[in-house]
Amino acid sequence: EPEVTQTPSHQVTQMGQEVILRCVPISNHLYFYWYRQILGQKVEFLVSFYNNEISEKSEIFDDQFSVERPDGSNFTLKIRSTKLEDSAMYFCASSEGLPGISEAFFGQGTRLTVV
Amino acid sequence: AQSVSQHNHHVILSEAASLELGCNYSYGGTVNLFWYVQYPGQHLQLLLKYFSGDPLVKGIKGFEAEFIKSKFSFNLRKPSVQWSDTAEYFCAVGEGGSYIPTFGRGTSLIVHP
């Protein structure tokens, strides 16, 4: 069964460093998303991406964040200068069609710890 | 802004007990409703969804949920839980226009054998 894969599963980084979280969505999917979940809190939407551009983003997704689909298969989330409060589980998801109408398939997540 | 409330953060049950997890949302317009489950060490999986039609939705593994528009609720139910249902359960609501689901905090369910 096709699945969304995320690497790495755990990432520890020092405050102020740049991190890139990687995701390989399901191959025929057209919509891609990043969510995050700070420990003990709700899953929060960060950004959606369609047709090589951001289609929607939340207030959390500020200038420190960027997304890219560099090679047609990977979908990356970059945090330019990490802060302690960026520590969270980051989930990538993809869907074949419109979000909220087509099922979104999630990866297992990358646990980011900023020290 | 849309908000999704899951009032039960931790639920502990014995096997064969009945389950009901509450979910309420704030948006007054057309919504798409979802329940996701995350088993330990695994990714989020869709349990069931409601877009329109019969407000009683049947999902996988014996779960069902009922959309009550007047109460802005979409509660998840299962008549008899199993130890394997131990997981984190997330309600999510996509409002008309955006469709991006907003997630609740999640409910941690532990089922004792």
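Residue check: is A:F61 surrounded by 12 or more Cβ atoms within 10 Å (Cβ to Cβ), among the aromatic types (F, W, Y), in a loop (DSSP other than H, G, I, E, B) and more than 10 Å from chain B (Cβ to nearest Cβ)?
Yes; evaluated as a whole, the condition is true for this residue.
Which of the residues that make up segment A:75-88 are farther than 13 Å from A:Q37 by Cα and not in a loop (DSSP other than H, G, I, E, B)? It would help to see each step written out before you state the result.
Here is the first cut: in segment A:75-88, the ones farther than 13 Å from A:Q37 by Cα are A:75-84.
A:F75, A:T76, A:L77, A:K78, A:I79, A:L84 - these are the residues of segment A:75-88 that are farther than 13 Å from A:Q37 by Cα and not in a loop (DSSP other than H, G, I, E, B).
Say we look at segment B:23-36 and pick out the residues that are open to solvent by 10 Å² or more (accessible area, probe 1.4 Å) and not in a strand (DSSP E or B); which of these is nearest to the other protein chains (Cβ to nearest Cβ)?
It comes out as B:T30.
Would you mind stating whether A:V12 is more than 15 Å from the chain's Cα centre (by Cα), open to solvent by 30 Å² or more (accessible area, probe 1.4 Å) and more than 14 Å from chain B (Cβ to nearest Cβ)? Lay out the reasoning, then the answer.
Values: more than 15 Å from the chain's Cα centre (by Cα): yes; open to solvent by 30 Å² or more (accessible area, probe 1.4 Å): yes; more than 14 Å from chain B (Cβ to nearest Cβ): yes.
Against the criterion (more than 15 Å from the chain's Cα centre (by Cα), open to solvent by 30 Å² or more (accessible area, probe 1.4 Å) and more than 14 Å from chain B (Cβ to nearest Cβ)), A:V12 qualifies.
Give me a count of the residues in segment B:86-113 that are in contact with a Lys or Arg (Cβ under 6 Å, 6 or more places away or on another chain) and either surrounded by fewer than 17 Cβ atoms within 10 Å (Cβ to Cβ) or part of a strand (DSSP E or B) (or both).
The total comes to 1.
Please work out if A:T76 is touching a Cys at 6+ places or on another chain (Cβ under 8 Å), at pLDDT 90 or above and open to solvent by 40 Å² or more (accessible area, probe 1.4 Å).
No: the conditions fail for A:T76.
Name the residue that is farthest from the other protein chains (Cβ to nearest Cβ), counting only residues in segment A:89-107 that are open to solvent by less than 50 Å² (accessible area, probe 1.4 Å) and assigned to a loop (DSSP other than H, G, I, E, B).
Here the residue is A:G97.
So which residues in segment B:37-85 are part of a loop (DSSP other than H, G, I, E, B), open to solvent by less than 40 Å² (accessible area, probe 1.4 Å) and more than 14 Å from every other protein chain (Cβ to nearest Cβ), if there are any at all?
Matches in segment B:37-85: B:F63, B:V81.
Go through (1) within 14 Å of chain B (Cβ to nearest Cβ); (2) open to solvent by 50 Å² or more (accessible area, probe 1.4 Å); (3) under 11 Å from the mean Cα position of the chain (by Cα) for A:P2 and report which single condition fails.
(3)
Residue under question is A:D86, and the condition is that it be without any contact (Cβ under 8 Å) to a residue 12 or more places away in the chain, away from chain B (no Cβ under 14 Å) and not β-branched (V, I, T); does it hold? Before you say what the answer is, go through the steps one by one.
Working: without any contact (Cβ under 8 Å) to a residue 12 or more places away in the chain: no; away from chain B (no Cβ under 14 Å): yes; not β-branched (V, I, T): yes.
Taking the combined requirement at face value, the residue does not satisfy it.
Taking segment A:28-45 on its own, how many of its residues are part of a strand (DSSP E or B) and either more than 10 Å from chain B (Cβ to nearest Cβ) or in contact with a Pro (Cβ under 6 Å, 6 or more places away or on another chain) (or both)?
4
Evaluate segment A:40-51: report whether one residue or more is among the basic types (K, R) and farther than 17 Å from A:T5 by Cβ.
Among the residues of segment A:40-51, at least one is among the basic types (K, R) and farther than 17 Å from A:T5 by Cβ, which makes the answer yes.
The values are calculated or read from the model by the stated rules, or taken from the named source; none is laboratory data. Here the structure is a predicted model, which is why all the values come from computation and not from measurement. In this analysis, Cβ positions are derived from the backbone assuming ideal geometry, glycine residues included, and neighbour counts consider all displayed protein chains. To get the accessible areas, we keep the full protein, side chains included, count just its heavy atoms, and leave off ligands, DNA and RNA. Shrake-Rupley method; radii C 1.70, N 1.55, O 1.52, S 1.80 Å.
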